[in-house]
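K.L.:
There's a structure below that I have some questions on.
The values are calculated or read from the model by the stated rules, or taken from the named source; none is laboratory data. Predicted model, so just to flag it, every value in this text is computed and none were measured. Backbone-built Cβ (ideal geometry, glycine too); neighbour counts: all protein chains shown. Accessible surface areas use protein heavy atoms only, side chains included; no ligands, DNA or RNA. Shrake-Rupley method; radii C 1.70, N 1.55, O 1.52, S 1.80 Å.
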Amino acid sequence: MDKKYRYKDVDKKIYEMWEKKKYFKANPNSKKRPFCIILPPPNANANLHLGHAMYVYEDIMIRFYKLRGFESFWLPGADHAGFETWYVFEKHLKKKGKSRFDYKREELFKMVWEFVMQNKNNMEEQLKRLGFSLDWERKKFTLDEDIVQIVYKTFKKLFDDNLVYRGKKLVNYCVKCGTSFSDLEVTYKDVKGKLWFILYKLENSDKGLVVATTRPETLFGDVAVAVHPDDKRYKKFIGKKVILPFINKKIPVIADEMVDMKFGTGVVKITPAHDSNDWLVGERHNLPFVQVIDFNGKLNEHAGEFSGLHIKKARPLIVQRLEDQKLLVKVKDYEHRVGHCYKCGSVIEPLPKEQWFIKIKPLAQKAKDAILKDEIEIYPHRFKKILLDWLDKFYDWNISRQIVWGMQIPAYFCKSQKKWFVSVNKPSKCLVCGKDDFVQDTDTFDTWFSSGQWPFATLQALGKEFFNFFYPTSVMETGYDILPWWVARMIMFGIYITGSVPFKNVYLHGLVRDSKGQKMSKSKGNVVNPMDVIDKYGADALRASLVFETAQGGDVVFSDNKVRSMRNFANKIWNIGRFIYLQHTLTERDSLDKDVVNGDKHIKDLEKESSKFKKRYMQLMEKYKFGQAFDELYEFVWHRVADYYIEQLKESLRSGNIEVLERLTNIYFELLKMLHPFMPFVTEAVWMNLNKSNKSILETTL
RNA sequence: GGCCACUUAGCUCAGUUGGCUAGAGCAUUCGGUUUACAUCCGAAAGGUCGGAGGUUCAAGUCCUCCAGUGGCCACCA
């Protein structure tokens, strides 16, 4: 055995050996108890980052339960990541001086497909370098035909059950990205803006009502002004009409309780087409809605002389003209929160658009019931409440996206009857009128609509025996940041389609931060490429550094220093093995009386302490306290076993006490098994060196 | 504004249903060693357990209040 562990020479060979011997290949007909994790499918549009390396927690569980005699199954996959990928792809197009408008839909789709396949292969190789014991023969991609079929079936069922509907509502629209989003994709930011006080004159009068607004450019879409019914200042104006500046349109003064008498002037302009609160007021008062901003962010024909102007340019002009006409009464600095596109950062426009919406409430209720009945355990426990809060806050979910990349929605419009129908397979004739005068919706699904079905979709796609044996899966392990996007939706869809929760446990890991506790981001320049770390210190060191000194679900403090000390630990493990190995090869021994050096006593103490420690380790592992289990393992292996016991036993070993050596070897094997989930390569390497049977550590049990 | 979590040694964390002088690793300082060891080993130092009050024979641990940190959500023209 070498003096040190040469990971660069052996890790790859070890992984290939594991794969060749099919240790990661799950058997759905096994007599063992199942243990299944579905890998959160990484986006197939970029290389892995440290966040992906956090899936090491899944590998720890998969390997641990495998050693415990379970039939472990870790299913790999990749996500087409609809809009995320689309965004990256459009940037690439832009670099080449092209845009999406230069291609036909089919061409675009094909181009993205090729782009994604390349990245997907790359990503899979990287997951292997991390040592992840994924069952590659069972990998799935969200755009695999069988997966798409299952997702389409879900949509059809939702449609038939009246849980999805086509509706024209205000949607979150990003005019730059050219698509609508769900409520979750909008991030609110504090914006320093202005509050403009504008005079709306009464009919045949120079006097009028002053409205306060942050968005003067929407005034063309005003259909009323509202005051509070109890507001004494304005009671007499209710029912009268005021005149919109520029276009001289008469709109009524109405009374509505949503108006806050204390805010601004107590008079609100009502623009149902561009504000969600106003939309509600419009519905209550049966007002028309007038869209004045189009999907390119420009004012349309309702804006009179300003039509065709982008709203950003129009606003100052409009304010100026109001001032000219002495209709601008006052301007006040005002800080408020404005929704922005989570991806490009543009201001999100609420625009009226016909889209597909899922009625969330009935689905969310069942998810809540399941969680309250503890059908799903969540680690750390504090996220249980957060998840329940989320389920309460979900409103109808807009799943239509105006992009090409993704699953085209299997909804068709009958032109003659003006009616929508849904069909899983492309229909040859209209299911409404029987003719062929129909078109498919050009929109695609929100990515989360398909990934929300991932646990049952993958297992169903693999076949009945997989679904029956492994569903519900054992653990869903993912970052806490996608709790509402993904976890909540998987629970809802899982219950809706299969009647059962999709997983029995949820383990949420934290964020990887740098040594100063800062989030890693490109702009801060503190991003670490996991592959570089592996090159430098080995995969085991990287893996261990993401677990060591980390509380359950806590953020990981990542530093070069920590990886280095984990590399040293790997070497320590190796060298204990080397020491034992050398003792076994020792041919000449002194003939010291073993009783003189207390070998028997020390080895007995060590055995006692080891079995006590193993119990402790098991408890921690079963309670999902992986960081702590590893911390204590580190301390025990290094500072108790190596520093203390082996030092005590040295004389006895040198004297030729074979029994002590055998007993020490057995204890070391136990330690290797406990270490293996965390540091699979070095433990396997040393195991193969020491174990004469030449069998993998994966063939043993813990 | 609402909700949640956290606050124990310089750093990262343990501390089980309240019970003997509060623990570990890393970092620090000192000493030793060339050993199985990309060095390693030993020792030391380091905490009024965020603050205040309460329950109790006994509180880092339970309760109340306060402060600070972090997170999530909402939001009003």
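K.L.:
Using +1 at the C-beta of Lys and Arg and -1 at the C-beta of Asp and Glu, which of A:336, A:291, A:317 has the Cα lying farthest in the positive direction of the dipole of region A:281-391?
P.N.:
Result: A:336, furthest along the dipole toward the positive end.
K.L.:
According to the square roots a ≥ b ≥ c of the eigenvalues of the Cα gyration tensor, what is the shape class of region A:299-347, taking rounded for a/c under 1.5, prolate for a/b larger than b/c otherwise, and oblate for the remainder? Working shown, then result.
P.N.:
Numbers: a/c = 3.41, a/b = 1.31, b/c = 2.61.
Because a/c hits 1.5 or more and a/b fails to exceed b/c, region A:299-347 counts as oblate.
K.L.:
Grab every C-alpha pair in region A:330-403, bin the distances at 10 angstrom width from 0 up to the longest one, and report whole percents.
P.N.:
For region A:330-403, the binned pair fractions read 14, 29, 29, 22, 5, 1 percent.
K.L.:
Determine the calculated [θ] at 222 nm for chain A from helices alone, applying -39500 (n - 2.57) to every DSSP H run no shorter than 4 residues and normalising by the residue count; nearest 500 deg cm²/dmol. Walk me through the intermediate numbers first.
P.N.:
Details: 22 runs with 277 residues, N = 702.
After summing the helix terms and dividing by residue count, I get -12500 deg cm²/dmol.
K.L.:
Further, regarding this structure: Near the amide H of residue A:210, under 5 Å away, which other amide H atoms are found, from residues 5 or more places off or on another chain, if H is placed in the peptide plane?
P.N.:
Under 5 Å from the amide H of residue A:210: A:200.
K.L.:
While we're on this one: Could you work out what % of the accessible surface of region A:586-702 is carbon and sulfur, using a 1.4 angstrom probe and leaving DNA, RNA and ligands out of the count?
P.N.:
Details: 2530 of 5480 Å².
Heavy-atom surface of region A:586-702 belonging to carbon and sulfur, 1.4 Å probe: 46 percent.
K.L.:
Among all the aspartates and glutamates, which ones have a C-alpha under 17 Å from residue A:250's C-alpha, if same-chain residues fewer than 8 places away are not counted?
P.N.:
Cα-Cα hits under 17 Å: A:203, A:206, A:222.
K.L.:
Under a 1.4 angstrom probe, counting protein chains only, how are A:129, A:63, A:315, A:513 ranked by accessible area, largest first?
P.N.:
Values: A:129 100, A:63 0, A:315 75, A:513 55 Å².
Accessible-area ranking of A:129, A:63, A:315, A:513, largest first: A:129, A:315, A:513, A:63.
K.L.:
Still on this structure, please answer the following. Considering only protein heavy atoms and a probe of 1.4 Å, how much of the accessible area of region A:311-441 is carbon and sulfur, as a whole percent? Walk me through the numbers on the way to the answer.
P.N.:
On the way: 3460 of 6860 Å².
Carbon and sulfur together cover 50 percent of it.
K.L.:
Sticking with this one: Roughly speaking, what is the centre-to-centre gap between region A:514-572 and region A:311-369 when only Cα atoms are used, to the nearest Å?
P.N.:
41 Å
K.L.:
So what's chain A giving for Rg/Rh, alpha carbon basis, Kirkwood Rh from the mean inverse pair distance? Can you show the working numbers first?
P.N.:
Details: Rg = 32.2 Å, Rh = 29.4 Å.
Ratio of gyration radius to Kirkwood radius: 1.09.
K.L.:
Ok, one more. Amide H to amide H under 5 Å from residue A:77: which residues, 5+ apart in sequence or cross-chain, H placed 1.01 Å off N in plane?
P.N.:
Long-range HN contacts for residue A:77: A:140.
K.L.:
Once you list every other residue whose beta carbon is under 12 Å from the beta carbon of residue A:394, what net charge do they have if Lys and Arg are +1 and Asp and Glu are -1?
P.N.:
+1
K.L.:
Also, quick follow-up: Tabulate in residue order the Karplus-calculated ³J(HN,Hα) for region A:56-71, using 6.51 cos²θ - 1.76 cosθ + 1.60 with θ = phi - 60°, rounded to whole Hz; enter x for Gly and Pro.
P.N.:
4, 4, 5, 5, 4, 5, 4, 6, 4, 6, 5, 5, 7, x, 8, 8
K.L.:
Multiply the residue gap between residue A:643 and residue A:377 by 0.36 nm, knock off their C-alpha separation, and tell me the result in nm, one decimal place. Show your work: numbers first, answer last.
P.N.:
Numbers: separation 266, 0.36 × 266 = 95.76 nm, distance 3.95 nm.
Contour length minus Cα-Cα distance gives 91.8 nm.
K.L.:
Where a ≥ b ≥ c are the square roots of the eigenvalues of the C-alpha gyration tensor, would you call region A:299-456 rounded, which needs a/c under 1.5, or, failing that, prolate if a/b is larger than b/c, or oblate? Walk me through the intermediate numbers first.
P.N.:
Details: a/c = 2.98, a/b = 1.27, b/c = 2.34.
Oblate, because a/c is 1.5 or more while a/b does not exceed b/c.
K.L.:
Give me the accessible area per residue for chain A, probe 1.4 Å, as a whole number in Å².
P.N.:
Details: 31600 Å² over 702 residues.
Accessible area per residue, chain A: 45 Å².
K.L.:
For a quick check: with amide H placed at 1.01 Å from N, whose amide H comes under 5 Å from residue A:346's, ignoring anything fewer than 5 positions away on the same chain?
P.N.:
A:341
K.L.:
Please give the solvent-accessible surface of residue A:289 in Å², to the nearest 10, using a probe radius of 1.4 Å with every protein chain present.
P.N.:
About 90 Å², rounded to the nearest 10.
K.L.:
Under the rule a/c < 1.5 gives rounded, and otherwise a/b versus b/c splits prolate from oblate, where does region A:102-147 land using the Cα gyration tensor? Working shown, then result.
P.N.:
Details: a/c = 5.70, a/b = 1.96, b/c = 2.91.
Here region A:102-147 falls in the oblate category.
K.L.:
Keeping every protein chain in place, order A:670, A:684 by accessible area at 1.4 Å, biggest value first, i.e. largest first.
P.N.:
Largest to smallest exposure gives the sequence A:670, A:684.
K.L.:
Shifting gears a bit: Along the principal axes of its C-alpha atoms, what lengths does region A:137-279 span, in descending order and rounded to whole Å?
P.N.:
So the extents along the principal axes, rounded to whole Å, are 77, 36, 29.
K.L.:
Please name which of A:501, A:611, A:302 has its Cα lying farthest along the dipole of chain A towards the positive end, using unit charges on Cβ (Lys, Arg +1; Asp, Glu -1) and the Cα centre as origin.
P.N.:
A:302
K.L.:
Still on this structure, please answer the following. Return the subset of A:207/A:332; A:94/A:418; A:192/A:524; A:3/A:32; A:66/A:601; A:241/A:419 for which the Cα-Cα distance in this structure is over 29 Å, preserving the input order. Don't skip to the answer; put the middle values down first.
P.N.:
Numbers: A:207/A:332 21 Å; A:94/A:418 38 Å; A:192/A:524 25 Å; A:3/A:32 39 Å; A:66/A:601 34 Å; A:241/A:419 39 Å.
Flagged as over cut-off: A:94/A:418; A:3/A:32; A:66/A:601; A:241/A:419.
K.L.:
Below 11 angstrom from the Cβ of residue A:563, what's the summed charge of the other residues (Lys, Arg +1; Asp, Glu -1)?
P.N.:
Details: positive: A:536, A:543, A:562, A:564, A:567; negative: A:532, A:540, A:560.
Its environment carries a net charge of +2.
K.L.:
Also: What aspartates and glutamates does residue A:604 reach when the alpha-carbon gap must be under 12 Å and sequence neighbours fewer than 8 apart in one chain are set aside?
P.N.:
Filter leaves A:659.
K.L.:
Separate question: Which of the peptides A:498-504, A:482-488 is most tightly packed, and how do the rest follow, going by the mean number of other Cβ atoms within 10 Å of each residue?
P.N.:
Numbers: A:498-504: 18.7, A:482-488: 20.3.
Listed from highest to lowest mean packing, they are A:482-488, A:498-504.
K.L.:
Within 10 Å of each candidate Cβ there may be at most 13 other Cβ atoms; applying that plus a DSSP loop requirement, which trypsin sites (Lys or Arg not before Pro) in region A:296-368 survive? Display every interim value, and only then the final one.
P.N.:
Values: sites: A:298, A:312, A:313, A:321, A:326, A:330, A:332, A:337, A:343, A:353, A:359, A:366, A:368; in loops: A:326, A:343, A:359.
Answer in residue order: A:326.
K.L.:
Let me check I've understood the local charge: for residue A:290, count other residues with C-beta under 10 angstrom from its C-beta, Lys and Arg +1, Asp and Glu -1. What total comes out?
P.N.:
Values: positive: A:249; negative: A:222.
Summing Lys and Arg as +1 and Asp and Glu as -1 gives 0.
K.L.:
Would you kindly compute the Cα radius of gyration of region A:30-171 and its largest Cα-Cα separation (Dmax), both in Å?
P.N.:
Considering region A:30-171 through its Cα atoms, Rg and Dmax are 18.9, 58 Å.
K.L.:
For region A:411-523, just list the percent of Cα-Cα distances falling in each 10 Å bin from zero outward, please.
P.N.:
Spelled out per bin, shortest first, that is 12, 28, 23, 22, 11, 3, 1.
K.L.:
Could I ask something else about it? Among the listed pairs A:343/A:429; A:8/A:504; A:153/A:435; A:104/A:353; A:98/A:536, which are separated by more than 30 Å between their Cα atoms? Write down the numbers at each step before the final one.
P.N.:
Working: A:343/A:429 39 Å; A:8/A:504 38 Å; A:153/A:435 23 Å; A:104/A:353 24 Å; A:98/A:536 39 Å.
From the list (A:343/A:429; A:8/A:504; A:153/A:435; A:104/A:353; A:98/A:536), the Cα-Cα distance tops 30 Å for A:343/A:429; A:8/A:504; A:98/A:536.
K.L.:
Another one. With point charges of +1 on the Cβ of Lys and Arg and -1 on the Cβ of Asp and Glu, referenced to the Cα centre of chain A, which listed residue (A:177, A:510, A:358) lies farthest in the positive direction of the dipole?
P.N.:
A:177
K.L.:
When all C-alpha to C-alpha distances in region A:199-297 are sorted into bins of 10 Å, what percent of pairs does each bin hold, rounded to whole numbers?
P.N.:
16, 53, 27, 3, 0
K.L.:
Treat every Asp and Glu Cβ in chain A as -1 and every Lys and Arg Cβ as +1, leave all other atoms uncharged, and give the resulting dipole magnitude about the Cα centre to the nearest 20 debye.
P.N.:
Details: 115 positive and 90 negative charges, 274 e Å.
Computed about the Cα centre, the dipole is about 1320 debye.
K.L.:
So, in Å, what gap is there between the alpha-carbon centers of region A:222-280 and region A:657-674?
P.N.:
Going from one Cα centre to the other spans 83 Å.
K.L.:
Rounded to whole Hz and in sequence order, give me ³J(HN,Hα) for region A:626-637 from the Karplus expression 6.51 cos²θ - 1.76 cosθ + 1.60, θ = phi - 60°, writing x for Gly and Pro.
P.N.:
Computed from phi, the couplings for region A:626-637 are 6, x, 5, 4, 6, 4, 6, 5, 4, 5, 5, 5 Hz.
K.L.:
Another question, if that's okay. So what J values fall out for region A:349-362 if you push phi through Karplus, 6.51 cos²θ - 1.76 cosθ + 1.60 with θ = phi - 60°, rounded to Hz, Gly and Pro as x?
P.N.:
My calculation for region A:349-362 gives 9, x, 10, x, 7, 7, 9, 8, 10, 9, 6, 7, 3, x Hz in order.
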